[in-house]
1. Return the pairs, sorted by first residue and then second, in which the second residue is part of a helix (DSSP H, G or I), the first residue lies in region 144-172 and is open to solvent by 60 Å² or more (accessible area, probe 1.4 Å), the beta carbons are less than 6 Å apart, and the residues are 6+ apart or on different chains.
2. So which helices (runs of 4 or more DSSP H) are wholly in region 92-170 and hold at least 1 residues that are more than 12 Å from the ligand (Cβ to nearest atom)?
3. Is region 54-76 home to any residue that is small (Gly, Ala, Ser), touching a residue at least 12 places away in the same chain (Cβ under 8 Å), buried (at least 18 other Cβ atoms within 10 Å of the Cβ) and part of a helix (DSSP H, G or I)?
4. If I filter region 176-190 down to residues being in contact with a Cys (Cβ under 7 Å, 6 or more places away or on another chain) and crowded, with 20+ Cβ neighbours inside 10 Å, which single residue comes out as farthest from Glu67 (Cα to Cα)?
5. May I ask you to list the residues in region 75-91 that are within 13 Å of the ligand (Cβ to nearest atom) and in contact with a helix residue (DSSP H, G or I) (Cβ under 9 Å, 6 or more places away or on another chain)?
6. Out of the residues in region 224-239 that are of a type in the set (Gly, Ala, Ser) and either touching a strand residue (DSSP E or B) at 6+ places or on another chain (Cβ under 8 Å) or open to solvent by 60 Å² or more (accessible area, probe 1.4 Å) (or both), state the one that is farthest from Leu165 (Cα to Cα).
7. Could you tell me whether Gly18 is surrounded by fewer than 18 Cβ atoms within 10 Å (Cβ to Cβ) and of a type outside the set (D, E, K, R)?
8. Determine, yes or no, whether Ile178 is near the ligand (Cβ under 9 Å from one of its atoms) and either over 19 Å from Val27 (Cβ atoms) or without any contact (Cβ under 8 Å) to a residue 60 or more places away in the chain (or both).
Amino acid sequence: MSPSKTLYEGKAKKILKGPSKNTLIQVFKDDATAYNKKKHKIFSGKGILNNLISEHIMEHLMSKGIETHFKKRLNKREQLIKKCEIIPIEFVVRNIVAGSIAKKLGLKEGTKLKKPLLEYYYKEDSLDDPMISRDHVEAFGWATKSELKKIDKISTKINKILSSLFIKKKIVLVDFKIEFGRLTSNPKKIVLADEISPDSCRLWDKKSKKKLDKDVFRRNLGSLIKAYEEVASRLGIVQ
Ligand code: UDP
């Protein structure tokens, strides 16, 4: 592991000082948390799998024209990334009802939505990441109208690309959370940041509807590592 200085430590990742200006190192940890840290467990090897899965997904998105913070994977747990100012919003895209929306609206999990749903959550653990509207984002100045317009468009495109990638592997992309940032080298440029992995997506086996994501941990459904390995294997990343 690199001896670089830790700038920020989150629940499942750490950010270290990068080797040059406008770069950072993102480190994937083995910690899994749910229900705003009320549930916490360490799964040996989870960080290694998520580093590989997120690299694969970011590279796939970049090959389809999506701009991201990803530069390259450095080793088992670390990625070199472009430094960004993170917009403090979690952008959730849903194709199928599951998780918080099922609970909030009393809907049956597994119901297909008539169109993909974009939601916004203010990133603030002390408030349990409250759901907000587009107007809140603009009114509080977290992002401008034109940034939001760009982000909505990119999120919709990411959903199309990833739904198609996963369905070829017999996996349904139920929902996912993404984050965006402004490049410090060019703050007008909005890029996809953070990670995309089974920690931040709901992935169901197409036929059996078996869960292959963090719900395995949230709901005690078996081995989380086996589920993540299954995703990595279907994506052709590990055997
Ligand atoms: N999600 C995430 N981080 C969060 C909250 C949600 O990565 O802090 C992901 C979650 O894994 C799922 C999607 O966003 O794929 C929608 O999550 P939901 O609102 O249903 O919340 P949950 O019930 O999963 O906490």
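1. Qualifying pairs under 6 Å: Lys145/Glu138; Lys169/Arg234.
2. 134-139, 145-167
3. Yes, some residue in region 54-76 is small (Gly, Ala, Ser), touching a residue at least 12 places away in the same chain (Cβ under 8 Å), buried (at least 18 other Cβ atoms within 10 Å of the Cβ) and part of a helix (DSSP H, G or I).
4. The qualifying residue farthest from Glu67 (Cα to Cα) is Phe176.
5. Ile89, Phe91
6. Only one residue tops the list, namely Ala227.
7. no
8. yes
The values are calculated or read from the model by the stated rules, or taken from the named source; none is laboratory data. Predicted model, so just to flag it, every value in this text is computed and none were measured. Please note: Cβ atoms are built from the backbone with ideal geometry, for glycine as well, and neighbour counts cover all protein chains shown. The accessibility values were calculated without ligands, DNA or RNA, using every heavy atom of the protein model including side chains. Shrake-Rupley method; radii C 1.70, N 1.55, O 1.52, S 1.80 Å.
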